[in-house]
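The structure appears right after this line, and notes come after that.
What follows is calculated from the coordinates using simple rules that are stated; it is not laboratory data. As the structure is a computational prediction, the values presented were derived from the model and not from experiment. FYI the Cβ positions are ideal-geometry reconstructions off the backbone, even for glycines, and counts take in every protein chain you see.
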Amino acid sequence: MPLIKKLRATFFNNSPNKEWPGLIEAYRSKLPVSKKTPIITLKEGNTPLIELKNISNQIGRGVKVFAKYDGLNPTGSFKDRGMTMAISKAKEKGCEAVICASTGNTSAAAAAYAKKGGMRCFVLIPEGYVAQGKLAQALVYGAEVLSIKGNFDIALEIVQKMANDYPLTLVNSVNPYRLEGQKTAAFEIIDALGEAPDWLCIPMGNAGNITAYWMGFKEYYKAGISKNLPKMMGFQAKGSAPLVYKKTIEKPETIATAIRIGNPVNREKAIKVKQESNGQFEAVTDSEIINAYQLLGSEEGIFCEPASAASVAGLLKNSKKVPENTKIVCVLTGNGLKDPDCAINNHKATFHKGLEPDLRELTKVMKIKQI
Ligand code: F0G
């Protein structure tokens, strides 16, 4: 080993050569890529699994809760996992333009990966219902943004038609490569825990992610890499819960705009996941979501977006039903920085404004005595 590498090895516990290559290279043998596939990556994946010690203690009875913090992906959400696959495969077949409908995160990820791959990227978004950070991302990454007077479900219907009749590749989660990429999050959880969790708590919108996780868990199980399968616990916001109420919601509403979806395209697949995993679908109210969102921030040091907090809100709602000594993973799908308005409008922190820059005044407000 060259000296410089030896020296570095004394500073790092891991091998100094082990730079994360992005999820396609990391899980190449389990993904539908070949030597001919141009890999378009931003080194997504390899996100941390963080023990939520305060929430675990709150539940008690030896229950261990972890967060799969996918908001730490390059564009700040789990969508990067699916997008590296969808865009690499689109590039492989010579596609020049991609399109998606989005509540925000898909558009950010599609734009970043498509533009990196030298393609045009069109995004249809519901006007007034996309968080500021996500819109900013789509614009900066260079998407061609079409904001419509209609919700996500209408936007998705239109882009599906467009992709049929125009030279555009659809990169919503009806694109099978998206789910292939997203299943790697389940691999990473098993790689970290050494087994699958007992429960996986996850927010559902279009229900692509819950489907992808189940694919990943089953694949490792069939390969003998894990000996168990989790119960899949899917949560939706109460005003946008078609999978819970088993009907299309014409006018979905929730503070968690990412999952403001009334007619999920992966409905049938999600129902199958629930049946196969002996899982459960449940609704959580906006105030339960905000409560979990604040708890994650103020007690666990994790700033996720409101839609992501639905997984923890759902767990807390079921905390008495959790069997003793179980391991639970809550998926935190997106980064809180994407939706600063929600944070500013819903915090419980102390925030004194308009103070004079005077030491005595300030320490008085701080209610702190001199030593
Ligand atoms: N969490 C976040 C932060 C999301 O952005 C989404 C979906 C979900 C959860 C739900 O995932 O649709 O696979 O069940 N966002 C899509 C978008 C719809 O356009 O960004 P799902």
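Among Cys330, Cys304, Cys342, whose mean-square fluctuation peaks in a Gaussian network model of the chain (Cα, cutoff 10 Å)?
Of the options given, Cys342 has the highest mean-square fluctuation.
Using Cβ counts within 10 Å as a stand-in for footprinting exposure, how do Lys272, Lys227, Lys353, Lys115 rank, fewest first?
Going from sparsest to densest Cβ surroundings: Lys353, Lys227, Lys272, Lys115.
Can you list residues whose amide H is under 5 Å from Thr169's amide H, if they're 5+ apart or on another chain and H is modeled 1.01 Å from N?
Amide H neighbours of Thr169, under 5 Å, 5+ apart: Ala97, Val98, Ile99.
Most exposed first by the Cβ proxy, i.e. fewest other Cβ within 10 Å, how do Arg61, Arg267 rank?
Neighbour counts put them in this order, fewest first: Arg61, Arg267.
May I ask for the net charge around Leu72, where only other residues with Cβ less than 11 Å from the Cβ of Leu72 are counted and Lys, Arg are +1 while Asp, Glu are -1?
Net charge in that neighbourhood comes out at -2.
Please report Asp198, Asp70, Asp165 as a ranked list, fewest other C-beta atoms within 10 angstrom at the top and most at the bottom.
Asp165, Asp198, Asp70
Pop out the ³J(HN,Hα) list for segment 307-319 in order, Karplus 6.51 cos²θ - 1.76 cosθ + 1.60 with θ = phi - 60°, rounded to Hz; leave Gly and Pro as x.
4, 5, 5, 4, 5, 6, 4, x, 5, 4, 5, 9, 4
Can you list the HN-Hα couplings for segment 359-371, worked out from phi with the Karplus curve (6.51, -1.76, 1.60; θ = phi - 60°), rounded to whole Hz and with x for Gly and Pro?
Values, residue by residue: 4, 5, 4, 5, 5, 5, 4, 6, 6, 10, 9, 5, 7 Hz.
Which entries in the list Lys64/Lys274; Lys79/Lys161; Lys317/Lys348; Lys68/Lys247 go over 25 Å, if you measure between the two C-alpha atoms of each?
Lys68/Lys247
May I ask you to evaluate 6.51 cos²θ - 1.76 cosθ + 1.60, the Karplus curve with θ = phi - 60°, for each residue of segment 161-166 and list the ³J(HN,Hα) values in order in whole Hz, giving x for glycine and proline?
Per residue, the Karplus-derived 3J(HN,Hα) values read 5, 4, 5, 6, 9, 10 Hz.
What residues have an amide H closer than 5 Å to that of Gly334, excluding those fewer than 5 places away on the same chain, when H is modeled at 1.01 Å from N in the peptide plane?
Gly71, Glu305, Ser308
How big is the charge dipole of the chain about its Cα centre, in debye rounded to the nearest 20, if each Lys and Arg gets +1 on its Cβ and each Asp and Glu gets -1 on its Cβ?
Charge dipole, the chain, about its Cα centre: 820 debye, nearest 20.
Once the other residues with Cβ under 11 Å from the Cβ of Leu355 are scored (Lys, Arg +1; Asp, Glu -1), what is the net sum?
Counting the neighbours of Leu355, the net charge comes to -1.
For Val284, what residues show an amide H to amide H distance below 5 Å, using hydrogens built from the backbone and excluding near sequence neighbours?
It is Gln236, Ala237, Lys238, by chain and number.
With each run of n ≥ 4 DSSP H residues scored as -39500 (n - 2.57), what mean residue ellipticity at 222 nm is computed for the chain after dividing by its residue count and rounding to the nearest 500 deg cm²/dmol?
-12500 deg cm²/dmol
Would you kindly state how much longer the chain becomes between Gln58 and Lys348 on full extension, computed as 0.36 nm times their sequence separation minus their alpha carbon distance, in nm to one decimal?
Gain on stretching Gln58 to Lys348: 102.4 nm.
Got a sec? Charge dipole of the chain, +1 on Cβ for Lys and Arg, -1 for Asp and Glu; which of Val244, Asn105, Ile190 is way out at the positive end?
Final value for the positive-end residue is Ile190.
If you take the square roots of the eigenvalues of the alpha-carbon gyration tensor of segment 56-204 and sort them as a ≥ b ≥ c, do you get rounded (a/c under 1.5), prolate (a/b over b/c) or oblate?
prolate
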